[in-house]
Amino acid sequence: MAFLTLNKTKLKHNFDLLENLFDTEGITWAVVGKLLCGNSLFLEQVLELKPKQICDSRVSNLKSIKLIDPDIETIYIKPAPNGSIDEIVEYADISFNTELETIKLLSKEAVKQDKIHKIVIMVELGELREGVLREDLISFYEKVFSLPHIEIIGLGTNLTCMYGILPNNDKLIQLSLYKELLELKFNKKLPFISGGASVTLPLIVNHQLPKAINHFRIGETLFMGTNAYDGSQYEEYEQHIFKLHAEIIELHEKPMMPSGETGINMTGEKIEFNPEWEDVTKFRAIIDLGLLDIDTDHFFPVNTKHQLVGSSSDMMVIDLDANPEKLKVGDTISFHMDYMGILRLMNSDYVEKKVIT
């Protein structure tokens with residue numbers, strides 16, 4: 001069976017580095033936990049670190065978080081679907097919003113549950129995903145301002161996730177200026193300007209972050225140790241907090257070149273074979289993992305001499321060359337993953353999850 005491990009020692013190392021960085025800068029930060037797909041075992045490891053807030057884009061995951069720690073402040077970080085309004089008010093202390101009618105529904109439900117629901121209004125700064133258009137922001141804010149049981153606690157923005165539009169000083173200064181404008185017009189402070197994510201961390205290091213930006217949401221750098229701005233690795237952070245292990249369920253020396261008439265495979269592709277495979281035999285291991293669990297572009301053998309040579313829905317074939325490690329059926333082959341690889345695995349019920357130190 002395949003299983004995914006989380007190294008809690010490495011996770012704590014990255015968390016402590018981020019905690020020290022943000023404390024020094026006077027910035028509040030939230031863990032973005034959506035990579036964990038609501039897995040209680042892994043969420044417990046994060047919550048043991050005592051983050052001030054945790055974010056997710058699935059209300060079911062926020063429910064799992066509240067079951068572990070009812071006191072942790074939770075944030076729902078995408079526009080709310082109308083069918084989930086009651087659960088969002090129940091399990092999210094804060095939500096990010098861009099639609100007036102949705103906020104009216106949140107207000108109505110908050111009255112019903114006798115709660116004050118806090119919201120952050122997301123502002124469109126060029127990524128063209130979620131966000132109120134800048135020219136509409138004042139009128140939008142005015143309509144939300146008087147809704148019962150709704151408290152506007154800040155402005156936010158999202159960059160990079162869809163089109164890769166990078167944050168910079170100019171864009172974040174715009175967000176800061178809108179904060180000042182709204183505070184002056186409505187005579188009410190906005191305590192949070194959530195303009196930061198993993199991709200924005202280099203602006204702190206390079207002293208380019210406007211002082212008004214005082215809230216970050218961090219997932220990738222915490223869990224991957226990577227610089228989301230350019231994809232590089234931070235030397236001081238731990239990488240490979242997660243590792244995949246797949247069991248060998250068959251291992252034989254076989255020809256590399258398939259034989260027979262070829263057609264379309266199960267993914268709709270017609271495979272072209274490497275001419276160098278002709279008359280070559282190698283040890284080929286079938287592992288208990290498939291395309292249902294992970295996309296082949298998003299994971300990589302720890303042993304760089306191992307090569308993936310074929311895959312189907314629930315099995316993959318690894319070229320072990322002459323098998324110098326003397327691997328056998330029942331042994332495991334280990335892999336590193338990128339963010340999307342981990343996310344896919346976390347969403348697979350067929351891959352066991354384990355914590356290691």
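The values are calculated or read from the model by the stated rules, or taken from the named source; none is laboratory data. Only a predicted model underlies this, so the values are computations on that prediction, with no experimental measurement involved. Neighbour counts are summed over all protein chains in view; Cβ atoms, including those assigned to glycine, are modelled from backbone coordinates with ideal geometry. Ligands, DNA and RNA are excluded from the accessible area calculation, which covers all protein heavy atoms including side chains. Shrake-Rupley method; radii C 1.70, N 1.55, O 1.52, S 1.80 Å.
The table for this structure:
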item: When residues of the stretch 259-287 are limited to those that are open to solvent by 60 Å² or more (accessible area, probe 1.4 Å) and within 19 Å of S348 (Cβ to Cβ), the one nearest to the chain's Cα centre (by Cα); result: T267
item: Which listed residue is of a type in the set (K, R), open to solvent by 80 Å² or more (accessible area, probe 1.4 Å), in the same structural domain as Q113 (by the TED database) and more than 23 Å from V89 (Cα to Cα), from K179, K211, K171; result: K211
item: Flag for D314 being at negative phi and surrounded by 13 or more Cβ atoms within 10 Å (Cβ to Cβ); result: no
item: Any hit, the stretch 189-212, residues being without any contact (Cβ under 8 Å) to a residue 12 or more places away in the chain and closer than 30 Å to D114 by Cβ; result: yes
item: Flag for K66 being in the same structural domain as Y178 (by the TED database) and open to solvent by 60 Å² or more (accessible area, probe 1.4 Å); result: no
item: Residue count, the stretch 136-167 (criterion: in contact with a Pro (Cβ under 9 Å, 6 or more places away or on another chain) and either in contact (Cβ under 8 Å) with a residue 60 or more places away in the chain or not in a loop (DSSP other than H, G, I, E, B) (or both)); result: 3
item: Test: residue in the stretch 117-131 that is in contact with a strand residue (DSSP E or B) (Cβ under 9 Å, 6 or more places away or on another chain), part of a helix (DSSP H, G or I) and either outside the structural domain of N347 (by the TED database) or on the phi < 0 side of the Ramachandran plot (or both); result: no
item: Leading residue by the ranking (least open to solvent (accessible area, probe 1.4 Å)) among those in the stretch 87-116 that are among the acidic types (D, E), in contact (Cβ under 8 Å) with a residue 12 or more places away in the chain and assigned to a helix (DSSP H, G or I); result: E109
item: Filtered residues of the stretch 243-258 (kept if within 17 Å of S312 (Cβ to Cβ), in contact with a helix residue (DSSP H, G or I) (Cβ under 9 Å, 6 or more places away or on another chain) and either open to solvent by 100 Å² or more (accessible area, probe 1.4 Å) or in a strand (DSSP E or B) (or both)); result: none
item: Scan of the stretch 236-285 for residues that are among the basic types (K, R) and modelled with pLDDT of 80 or more, ordered by number; result: K243, K254, K282, R284
item: Identity of the residue in the stretch 288-311, in contact (Cβ under 8 Å) with a residue 40 or more places away in the chain and β-branched (V, I, T), that ends up surrounded by the most Cβ atoms within 10 Å (Cβ to Cβ); result: I294
item: The stretch 221-242, residues that are within 21 Å of V351 (Cα to Cα) and crowded, with 18+ Cβ neighbours inside 10 Å; result: F223, M224, I241, F242
item: The stretch 288-313, residues that are under 14 Å from L345 (Cβ atoms) and of a type outside the set (A, V, I, L, M, F, W, C); result: D288, G290, D293, D295, T296, D297, H298
item: Residue match in the stretch 319-331 (condition: of a type in the set (D, E), surrounded by fewer than 17 Cβ atoms within 10 Å (Cβ to Cβ) and modelled with pLDDT under 90); result: no
item: Filter result for the condition that a residue is touching a Cys at 6+ places or on another chain (Cβ under 8 Å) and either touching a residue at least 24 places away in the same chain (Cβ under 8 Å) or closer than 21 Å to K353 by Cβ (or both), over N39, N61; result: N61
item: Residues being part of a helix (DSSP H, G or I) and either in contact with a Ser or Thr (Cβ under 9 Å, 6 or more places away or on another chain) or closer than 15 Å to N158 by Cβ (or both) - total across the stretch 205-235; result: 4
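So that you can scan it fast, the table gives a plain yes or no per residue for (1) open to solvent by 10 Å² or more (accessible area, probe 1.4 Å); (2) among the β-branched types (V, I, T):
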residue	(1), (2)
F3	yes, no
K10	yes, no
N14	no, no
D23	yes, no
V31	no, yes
L36	no, no
F42	no, no
K50	yes, no
S60	yes, no
